[in-house]
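The values are calculated or read from the model by the stated rules, or taken from the named source; none is laboratory data. Here the structure is a predicted model, which is why all the values come from computation and not from measurement. Because the Cβ atoms are built from the backbone with ideal geometry, glycine has one as well, and the counts that use them run over all protein chains shown. The area values use the complete protein model at the heavy-atom level, side chains included, leaving out ligands, DNA and RNA. Shrake-Rupley method; radii C 1.70, N 1.55, O 1.52, S 1.80 Å.
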Amino acid sequence: MMKSVATLGSHCALQLLKGANDEKLNTILICEKRRERLYKRFNFIDKIILVDSFNEILKKEYSKKLDNSILIPHGTLISQLSSNEIESINIPIFGNKWILRWESDRIKKEKLLKKANIPTPKRILTPSQICKLSIIKRDGAAGGAGYFLASNEMEYKKKLSNLINKKTINKNDKLYIQEYISGVLVYLQYFYSPTKNELEFLGIDQRHESNIDGLSRIPASNQNKINKELTFNVIGNSPMVLRESLLDEVYSIGERFIEASKKLVNPGIIGPFCIEGVYDSNANFTAFEFSARIVAGTNVYINGSPYSALLYNENMSMGRRIAKEIRESISNDNLSKIIS
Ligand code: AMP
């Protein structure tokens, strides 16, 4: 019987393994040697498996070492391994590993959000069609490196050639252009239990992204003196609550996402996911992104969130919620419903 929870040492590993320990599951950390000193400080980690690089988990010997474990995917797994590699991992993965490909592919991502009837920023098909402030995204850019803003084709071409010269963007990189939405950014954290067929809304965070967030501290007339490319590198997160009148729609967005995922990526989303978007001045929500797994913004709620407190009488982090689902599925003999 599987009873260890394993994850890569980064992103939200501490939250995940603390949660698993709270749920009385064994915990295993796959850890790069350079990070061993950090993770050894935490006594809820039962076993550390040292690697030179995370893609070693693709080797056969690791599936033996991780026998009896369930791997919890997070952002580092997605950024370090390709979709093909993730799908080929021999260790059972918590959640639906096939949907991770939909997270990594911008066109698929847009398709899923549209299927869920969740408003998305308008996609601009060619640079000549840029007629208002737009954001240009490089495929798979971690931390928004190589993203830029442009209001027309000329600005687009100028900025692009500048970024190519600086080697931030490669000439052959696939670029995706979408309307820039100005407003309040929110990252909505959900958990879907397929065994109970229940959606839980567990929290909201905000991201602090450098250097874009710093710009608002500088008068517009001085902003062009910052001799740096615009970046959206997440430095940290902070908690947030929404106006209660917006909550009903938040649940509805989550439910529509679940339904759409069931239609497009069988068996649909399992466990944690995050819908990331903007509320404009009329409090209308537009989603520019989703994550089909736990997001690092859940780390602000290791002791539970204002929303988890409404559902549970114990401190329920997203990491612990995952572990609880695993523990209960083991007891009820339906683990196959939550792993892939
Ligand atoms: P993403 O890689 O799509 O998560 O985007 C990284 C960051 O870029 C987000 O956290 C936002 O700050 C910003 N961003 C992305 N798309 C948009 C958009 N359409 N409108 C406004 N900001 C955006």
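If I filter segment 175-182 for residues that are open to solvent by less than 50 Å² (accessible area, probe 1.4 Å), touching a strand residue (DSSP E or B) at 6+ places or on another chain (Cβ under 7 Å) and among the charged types (D, E, K, R), do I get at least one hit? Scanning segment 175-182, I find at least one residue that is open to solvent by less than 50 Å² (accessible area, probe 1.4 Å), touching a strand residue (DSSP E or B) at 6+ places or on another chain (Cβ under 7 Å) and among the charged types (D, E, K, R), so the answer is yes. All conditions but one from (1) over 15 Å from T7 (Cβ atoms); (2) modelled with pLDDT under 95 apply to K65; the one that does not is (1). Look at segment 249-268: where a residue is without any contact (Cβ under 8 Å) to a residue 40 or more places away in the chain and within 18 Å of T195 (Cα to Cα) and a partner is small (G, A, S) and buried (at least 16 other Cβ atoms within 10 Å of the Cβ), sitting 6+ places away or on another chain with Cβ atoms under 8 Å, you get K262/G268. Residues that are open to solvent by 70 Å² or more (accessible area, probe 1.4 Å), modelled with pLDDT of 95 or more and part of a strand (DSSP E or B) occur in segment 109-129; there is at least one. Based on what the data block shows, is I70 among the β-branched types (V, I, T), under 22 Å from R327 (Cα atoms) and in contact with a Ser or Thr (Cβ under 6 Å, 6 or more places away or on another chain)? Here the answer is no, as I70 does not meet what is asked.
Within segment 198-225, residues that are under 17 Å from E276 (Cα atoms) reach partners that are among the hydroxyl-bearing types (S, T, Y) and within 16 Å of the ligand (Cβ to nearest atom) with beta carbons closer than 6 Å, at six or more positions or on different chains, in the pairs D205/Y187; Q206/S238.
Of Y192, Y180, all but one fail to be within 30 Å of D280 (Cα to Cα), away from the ligand (no atom under 16 Å from the Cβ), within 21 Å of the chain's Cα centre (by Cα) and in contact (Cβ under 8 Å) with a residue 24 or more places away in the chain; the exception is Y192.
One residue stands out in segment 197-242 among those that are small (G, A, S) and modelled with pLDDT of 95 or more: the one that is farthest from the ligand (Cβ to nearest atom), namely G203.
Within segment 153-172, the set of residues being open to solvent by 40 Å² or more (accessible area, probe 1.4 Å) and touching a helix residue (DSSP H, G or I) at 6+ places or on another chain (Cβ under 9 Å) comprises E153, K157, N170, K171. For segment 187-208, the tally of residues that are over 13 Å from R321 (Cβ atoms), part of a strand (DSSP E or B) and in contact with a helix residue (DSSP H, G or I) (Cβ under 9 Å, 6 or more places away or on another chain) stands at 6. Would segment 130-145 turn up any residue that is in contact with a helix residue (DSSP H, G or I) (Cβ under 8 Å, 6 or more places away or on another chain) and more than 11 Å from the ligand (Cβ to nearest atom)? Yes, segment 130-145 contains a residue that is in contact with a helix residue (DSSP H, G or I) (Cβ under 8 Å, 6 or more places away or on another chain) and more than 11 Å from the ligand (Cβ to nearest atom). Please go through segment 310-330 and pick out each residue that is part of a loop (DSSP other than H, G, I, E, B) and crowded, with 20+ Cβ neighbours inside 10 Å. Correct list: M316, S317.
When restricted to residues that are open to solvent by 20 Å² or more (accessible area, probe 1.4 Å) and either out of contact with any Pro (no Cβ under 8 Å at 6 or more places or on another chain) or of a type in the set (S, T, N, Q) (or both), segment 287-303 contains 5.
Residues in segment 265-309 that are among the hydroxyl-bearing types (S, T, Y) and not in a loop (DSSP other than H, G, I, E, B) were compared, and the one that is farthest from the ligand (Cβ to nearest atom) is S308. Within segment 147-165, residues that are farther than 22 Å from E209 by Cβ and more than 16 Å from the ligand (Cβ to nearest atom) have Cβ atoms under 6 Å from residues that are of a type in the set (A, V, I, L, M) and outside any helix (DSSP H, G or I) in these pairs: N152/I130; E153/I130, counting only partners at least 6 apart in sequence or on another chain.
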